[in-house]
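Beneath this line is the structure, given in structure tokens, with notes to follow.
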Amino acid sequence: MTADSLRAKFLDFFKAKKHKIIESDSLVPKDDPTVLFTPAGMNQFKKEFMGFDSGFKRAATSQRCLRTDDLDKVGKTSSHHTFFEMLGNFSFGDYFKQEAIAWAWEFLTKELNMDQEKLWVSVYQEDDEAYNIWKDKIGIPEKKIIKLGDKDNFWPAEAKEKGPNGPCGPCSEIFFDFGPGVGCGEKVCDPSCSCGRFVEIWNLVFTQFNRKDDASLEPLPNKNIDTGMGLERLTAVMQGKQNNFETELFQPIINEITYNVKRSEAGIVNFSMQIGDLPLRPRLKELEHAVADHIRAVVFCIYDGVLPSNESRGYVVRKIIRKSVMYLRELGVRGISLYKLVHPVVETMKNIYPDLKNQEISISGMIYAEEDNFLKTLATSDGLLNDKFSGFINKPDPEGAGKTVFYLYDTCGIPLELILDWLKEHKIDYSIDVFNRELGQQKARSKSQSSMKGDVFDAKGLGLKIAETKFVGYKESSCQANILAILKDGKEASEILAGDSLQIVLDQTPFYAESGGQVGDTGKLINRKNVFEVLNTQKIDNVILHIGKINSGSFKKGEKVVAEINVERRLKIARNHTATHILQAALRQVLGNHVQQQGSLVAEDRFRFDFTHFKGLSEEEILRVEQVANKCIAEKQNVSCKEMAFKEAKKAGALAFFEEKYGENVRVVAIGEISKELCGGTHLDNISKIGLIKIVSEGSVASGIRRIEGVTASFAEQFIKDEEQKAAEESMKKDRLKELKQQEKKRSAEINNSLQDVVPGLIDKAVTIGNINLVSSLEDGLDMQALRLLADKIKEQLRRGVIVLGSQDNEQRKAYLVIAVTQDLLSKGLDAGVLIRQVASLIGGSGGGRQDFAQAGGTKPENFTLAFDKIKDIIKNYL
């Protein structure tokens, strides 16, 4: 029985039991800060568990999940995974233990025809009710019902003693017995033994208590059921496999890994050893299994919009990719190859996740880029290690070195053995205790972020028992409404006065609340002379909050108001929102269908659009995208908005945004044959009203994610005018610069000619000191460059000479001095640099230079005579 058929059987079974079948939630839990990733099927139902009425009391799902608390165990055991699917059925104050137990047994033994003799169960040691149901109603022999304590059969584990507060309860687990030939071989062996003979296949959680601050448990008014059964484990059991990795969920990936190992020169050695060297086989299998697991996790993380980075969820994805690359290297695979495993993952999972096929190219590209960057890091690891540890060579710090070892190992993905070998070679000590402490803390953080928590039910947005707000803003810009609640400083207020800042909740409203990247509406709530200015609009649990302040008068709960949006602002926002739909269509046409929206901002004056692409856009590509987008606008297509079933919309080819969670019915925004997207935002009725789309910037947001910022209509026209003005100003600057250069060139030519005329006279005035000819002169009106040029011209015609020239700017009190020595005196030890340093202080400055030429600047031009006289004395003493 295949995994696909098991998944379908489970959902069909509970659909027949009047459960609502809910699509799998994203791996990124929405509005749940207690976990990084979705760790279990129950996470998307936190509101329902707290009593929120979503229109159903029973639900069933096949939820994709990700946990990283046992990352190091993956591959080493038969059933540990990072990514997995959890089959679950849930009851929100409807049925309880009797039905949950009976249906679980019925599904396994009747629907799947599982051998009853191979099934054992566990119950919480104090849960006599569940024990008796299994024994008396189901007929399980007492010897096959074991009682376990708080750690194993209470949820959350050990919550009674350690917390957290909130909903909790006992659980009952169903185990499959592989038989006495597996595991420890002891005569007395039951599911409490960890030898591997028994594998847990289903956990039934009975949420019936509320833990309080004093650790007491009080019965919940509405008792809930939360069950979870791993699809991978169930598939293995149903196929007679003791190892999940032997099923069709993993074997195509493992086959591709083996193929790549065989193709690698280094891998051939490892593959041969795998066949011939028995001790090595388990390790190589572990590596293959770990990579097969990890690539599934990476593919679905990227599928759900989590991209490799150095922060939060992206950090986890990067870490898993780098671990996988190192495992492949250990297998002997060289070069970029992890991305090749995306295809078998897609082929295995495409039936249940058809969108995965459309994203295969972009997912492969992102993994390729990440793998390439990491391999480059490894290739330059010696430089990285030297950079991070060089400070510890002269200043030993074992604790600091230990932290650095952990950083390089955990964050950079450098193999620990490589780091330690480098430290040994360079005789740098590090603290293993500090490394282990950091590693332990990281594992604790990972476990905390992956595990289910009692406070996962904290629903801060449900503090007020208010009916959801009816939104009429798609068709109306104003409406009459009743004030249902007034909130000030987070608390409900009955009346508010002018100047107060607060939030008002209405029974209906035309105000669009910020969501899907579109900013919230602004406007006014009016009751005769009483005016409330709405500065922003937000939404919590379908309750729309009008955020602002009272400009005049006062407001009370229960009063009627007229709600009016800022229509002109709404139109500008609608232009930009519709423009992002056209932009995505243009990007997909120019770059390819791998382009997928990853985020957006739609404001009144601009839009921002993030999308998947592997490299920056060239100027030609940006221009082409603009041309395609504006050509679409010229077609003047109408924009239609229609509600339909989610599955129907997907079949019709409507694009979905990864971050949004969609219900059964969705709103489809279509622009002729140009674009079709699932979208809840406000739009134009005809795209001609956009006027013009202008891309103002394009850049990188993260690996494999690009960002375009743009403007429309009058903002686009103004941007073009501003750019033209800048270009004109730049052109004028260039013309002016060209003119100045020409003037400078002309001036230089004039100076050159004038200096040439001066040279003979200065040489004639030379003073002979011994056998050295000294030319010294104060030449007003020359800058340093001209002085240098004049000195060079004199050097060309003077032998055995020292040239000392000065110039002064009396208005700014600046003095310039140059000294040059002819080539025939250099060998005699005369040094222009030495001379300048000895006299520069006389003109109030400092200087330096080469042996044949030096210069100085100062602030005492009146002292040039002193400087010249000192040069004469130095030369006399030299002789």
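The values are calculated or read from the model by the stated rules, or taken from the named source; none is laboratory data. All figures in this text were calculated on a predicted structure; none of them were measured in a lab. Here the Cβ is made from the backbone with ideal geometry for all residues, glycine too, and neighbour counts use every protein chain on show. Accessible surface is based on the protein model in full, side chains and every heavy atom, while ligands, DNA and RNA are left aside. Shrake-Rupley method; radii C 1.70, N 1.55, O 1.52, S 1.80 Å.
Tabulated data
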{"quantity": "Order of exposure, largest accessible area first, which applies to Arg329, Arg799 with probe 1.4 Å", "calculated": "Arg799, Arg329"}
{"quantity": "Surface share of carbon and sulfur [accessible, 1.4 angstrom probe, percent] for the range 768-879", "calculated": "43 percent"}
{"quantity": "Full-extension gain in nm, Cys195 to Gln743, via 0.36 nm per residue minus C-alpha separation", "calculated": "188.1 nm"}
{"quantity": "Whichever lysines have a C-alpha closer than 18 Å to that of Lys647, once near sequence neighbours (fewer than 8 apart) are set aside", "calculated": "Lys15, Lys20, Lys350, Lys357, Lys661, Lys676"}
{"quantity": "Charge-dipole axis of the chain as Lys and Arg at +1 and Asp and Glu at -1 on Cβ define it, positive-most pick from Val669, Ala369, Ile633", "calculated": "Ile633"}
{"quantity": "GluC sites (Glu not before Pro) restricted to the range 132-228 and DSSP loop, no more than 11 other C-beta within 10 Å", "calculated": "Glu186"}
{"quantity": "Helix 265-276 vs. the chain, principal-axis angle (Cα, 0 to 90°, nearest 10)", "calculated": "30 degrees"}
{"quantity": "Computed accessible area, Ile573, all protein chains, 1.4 angstrom probe, square angstrom", "calculated": "0 Å²"}
{"quantity": "Whole-Å distance, taken between Cα centres, linking the range 712-786 and the range 561-638", "calculated": "50 Å"}
{"quantity": "Accessible surface, the chain, averaged per residue in Å² (probe 1.4 Å)", "calculated": "47 Å²"}
{"quantity": "Long-range amide H partners of Trp202 with built H, under 5 Å", "calculated": "Ile174"}
{"quantity": "Cα-based helix-to-principal-axis angle, 97-106 vs the chain, degrees rounded to 10", "calculated": "90 degrees"}
{"quantity": "Residue-averaged [θ]222 nm for the chain, counting only DSSP H segments that reach four residues, each worth -39500 (n - 2.57)", "calculated": "-12500 deg cm²/dmol"}
{"quantity": "Exposure ranking of Phe614, Phe719, Phe49 by accessible area [1.4 Å probe, largest first]", "calculated": "Phe614, Phe719, Phe49"}
{"quantity": "Rounded to 10°, Cα long-axis angle of helix 784-797 versus longest principal axis of the chain", "calculated": "50 degrees"}
{"quantity": "Nearest-10 value in Å² for the accessible area of Lys738, using the 1.4 Å probe", "calculated": "130 Å²"}
{"quantity": "Solvent-accessible surface (1.4 angstrom probe) belonging to Thr712, in square angstrom, nearest 10", "calculated": "10 Å²"}
{"quantity": "Among the listed pairs Lys765/Lys795; Lys18/Lys110; Lys110/Lys135; Lys491/Lys524; Lys572/Lys689; Lys46/Lys110, those beyond 20 Å (Cα-Cα)", "calculated": "Lys491/Lys524; Lys46/Lys110"}
{"quantity": "Dipole of the range 511-593, positive end: most advanced residue of Gln538, Ile565, Gly553 [Cβ charges, Cα centre]", "calculated": "Gly553"}
{"quantity": "Eligible lysines near Lys323 by straight Cα distance, threshold 23 Å, same-chain separation 8 or greater", "calculated": "Lys73, Lys76, Lys262, Lys285, Lys340, Lys376, Lys388, Lys403, Lys443, Lys447"}
